[in-house]
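Beneath this line is the structure, given in structure tokens, with notes to follow.
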Amino acid sequence: MVEVGPRDGLQNEKDFVPIDVKVDLINRLSDAGFTNIESASFVSPKWIAQMAGSDEVMREIKRLPGVIYSALTPNLQGYEAALAAKANEVVIFSAASEAFTQKNINCSIHESIQRFVPVVQSAKRDGLLVRASISCSLGCPYQGPVEPQQVVNVVQQMLDLGCDEIDIADTIGVGTAGQVKRVYEAIFKVAPSKIFSGHFHDTYGQALTNIYAALEMGVAIFHSSVAGLGGCPYAKGATGNVATEDVLYLMHGLGIETGIHLGEVVKIGEFISTAIGKPNQSRVGKALLNRQ
Ligand code: HMG
Ligand code: MG
């Protein structure tokens, strides 16, 4: 389980979430048992103002041994900032759709890959993990449908760069279980299932079903956001990531050990929803709170 709330979840908030709230959120998440927390984003503050101060967040958090604190890095400038901030893993990001790549990082897919070459080389030299995120793997807000072959093409380029892990991201939450199966079937022909994750947003309410479909195919890494925080600044109308509480409830019900304390995560969901003045989007979180 990769908790992306502090980055993907908060990046779309209009009002600046104070640094101490972000730090508190990350500390509570590590205490609840998460071992991989997407904590920061070293992108241009002109593009994503909410992520300004990521260096301070990384400096202030309490680091638990064995926990990976990851950060988004769109280019070498971002990489150098992430290295200085002692990120354990950097996340490069492109998309299966040209139109989205242009809107999100102001370049073509090919140019983005060129930009990532020195990032990945530097990360390998410095001993950092590299994760690659492929947005719009199940649909694009500008282009519409995305074919599995388009995802395969970008996966292949990310593999050639030397990435350790690759996220299949449904940025706008439009994918269905049938599509999930087709995409993973196609990418498993070029690399083993263990390097892929599922990063599903829940706009159409399909995220849990998509996770279950991916799980049955052998995917073992899933991203989620506490209280279902989030939305994408370059995908109008898209809602947050699938709520962490809901995914934990699914996993624990299947007898899968996550090492994460659901009760604590429910409290964290309430803490962050209150802090940002938004309703808690986790069905499981709300149900368990109502029972108390
Ligand atoms: P650009 O304007 O083409 O870049 O943006 P540039 O190289 O021409 O630089 C322009 C200015 O930005 C310069 O400053 C640079 O110094 C500065 P100026 O001279 O004008 O004062 N700059 C930076 N500042 C801080 N950190 C940096 C950095 N790089 C340049 N790293 C760029 C290109 C990639 C920088 C920009 O488009 C950008 O930052 N985009 C980020 C967009 C973003 O963060 N989107 C959300 C994350 S992706 C996501 O959420 C999807 C995901 O969750 C998966 C899914 O669900 O799909 C991962
Ligand atoms: Mg996302």
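Computed from the coordinates by the stated procedures, all read-outs in this text should not be read as laboratory data. Everything numeric here is computed off the predicted structure, so don't read it as measured data. Cβ: placed from backbone, ideal geometry, glycine included. Neighbour counts: every protein chain shown.
Among Gly53, Gly178, Gly228, the largest mean-square fluctuation in a Gaussian network model of the chain, built with springs joining Cα atoms closer than 10 Å, belongs to Gly178.
Treat the count of other C-beta atoms within 10 Å as a stand-in for reagent exposure and order Cys136, Cys163, Cys107 from fewest to most.
Neighbour counts put them in this order, fewest first: Cys107, Cys163, Cys136.
Each of Asp170, Asp8, Asp31 has some number of other Cβ atoms within 10 Å of its Cβ, and from fewest to most they run Asp31, Asp8, Asp170. Over segment 1-89, Cα pairs under 8 Å with separation of 6+ residues give a relative contact order of 31 percent. As a proxy for reagent exposure, ranking Lys189, Lys22, Lys124 by other Cβ atoms within 10 Å from fewest up yields Lys189, Lys124, Lys22. Size descriptors for the chain: radius of gyration and Dmax over Cα atoms are 17.3, 53 Å. Dipole magnitude for the chain: computed about the Cα centre from +1 point charges on Lys and Arg Cβ and -1 point charges on Asp and Glu Cβ, it is near 160 debye.
Sites listed here are chymotrypsin sites (Phe, Trp or Tyr not before Pro) in segment 9-57 whose DSSP assignment is loop and whose Cβ has at most 16 other Cβ atoms within 10 Å: Phe16, Trp47.
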